[in-house]
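Visitor: To start, I am sharing the structure in question, which I have written as structure tokens.
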Amino acid sequence: MTEPLSILTALMLGLFGASHCLVMCGGIAAAAGHAGGKHKIRAAVLFNVGRLTSYTFAGFIVGYAGLWLGEQHQILMLTLRTIAGTMLILMGLYVAKWATWLTQVEKLGQGLWRFIQPSAQKRLGKTDMLSQLILGMLWGWLPCGLIYSTLSWVAANGSPIDGALAMLAFGAGTLPAIFSATLASATIMSFINHKFVRAIAALLLIGYGVWTLISAWYMVLMQA
């Protein structure tokens, strides 16, 4: 059963990681929309549907991997939950702009991206719907510390379905940033970039990360 708190947390991660999303995907999303000509909205929608599809698939895979690790040995799941709790804390620090250590995680995916990037570049400027959809799906694998950190947290839940839904929620949270050229999204961006709002979101994420660490180790100590 999907935990509402997990979905809400994933949504917050995407929403308040907006500035990073604009850096990583804003340019390519704008280019995809421009290539669409008079069908800019359609192109933007297809690009983002593709992107969210990749996030959802990745969430399912890492959720399944977390489930498998949990069945192998308790120490593996404890390690995974420890990483997840730490990543939540790092994401909280990043959201509030108190520290940017999270961006170092992006180096982990450079090898995969070098393999995918040529295919993505071939579809830049294409106006057909399939190319625009595939471009979004490929761009969903761009090395991104925010995504990788969210995936590590999703994996700790040990559920493929929950993982897929959480990453879908994360992707949905990034949409205002990607569509920030519209008036409604610009209003949302102004709200979520407010220093006070970001600080509150950061404290919630850090608190959830600390709770994740404490709950993981508490169970181990109780069983000792």
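Visitor: Go through region 58-75 and count every residue that is surrounded by fewer than 16 Cβ atoms within 10 Å (Cβ to Cβ) and in contact (Cβ under 8 Å) with a residue 40 or more places away in the chain. First the steps, then the outcome.
Guide: Step one: of region 58-75, the residues surrounded by fewer than 16 Cβ atoms within 10 Å (Cβ to Cβ) are 68, 71-75.
With in contact (Cβ under 8 Å) with a residue 40 or more places away in the chain added as a condition, the list becomes 74.
The qualifying residues number 1.
Visitor: If VAL105 satisfies every condition in (1) under 15 Å from LEU205 (Cα atoms); (2) of a type in the set (Val, Ile, Thr); (3) free of Cβ contacts under 8 Å to residues at least 60 places away in the same chain but one, which is the exception?
Guide: (1)
Visitor: May I ask you to say which residue of GLU106, GLU71 is under 13 Å from the mean Cα position of the chain (by Cα) and either at pLDDT below 85 or more than 20 Å from CYS144 (Cα to Cα) (or both)? Lay out the reasoning, then the answer.
Guide: Numbers: GLU71 fails: under 13 Å from the mean Cα position of the chain (by Cα).
Only one candidate qualifies: GLU106.
Conditions (1) surrounded by fewer than 21 Cβ atoms within 10 Å (Cβ to Cβ); (2) modelled with pLDDT under 85; (3) in contact with a Leu (Cβ under 7 Å, 6 or more places away or on another chain); (4) at positive phi, marked per residue:
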position	(1), (2), (3), (4)
TRP153	no, yes, yes, no
GLY173	no, no, yes, no
ALA181	yes, yes, no, no
ALA184	yes, yes, no, no
ASN193	yes, yes, no, no
VAL197	yes, yes, no, no
ALA216	yes, yes, yes, no
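Visitor: Please verify whether region 127-141 includes one or more residues that are within 13 Å of the chain's Cα centre (by Cα), crowded, with 19+ Cβ neighbours inside 10 Å and without any contact (Cβ under 8 Å) to a residue 60 or more places away in the chain.
Guide: Scanning region 127-141 turns up no residue that is within 13 Å of the chain's Cα centre (by Cα), crowded, with 19+ Cβ neighbours inside 10 Å and without any contact (Cβ under 8 Å) to a residue 60 or more places away in the chain.
The values are calculated or read from the model by the stated rules, or taken from the named source; none is laboratory data. Values in this document were obtained by computation on a predicted structure and should not be read as measured data. Cβ atoms come from the backbone with ideal geometry, glycine included; neighbour counts cover every protein chain shown.
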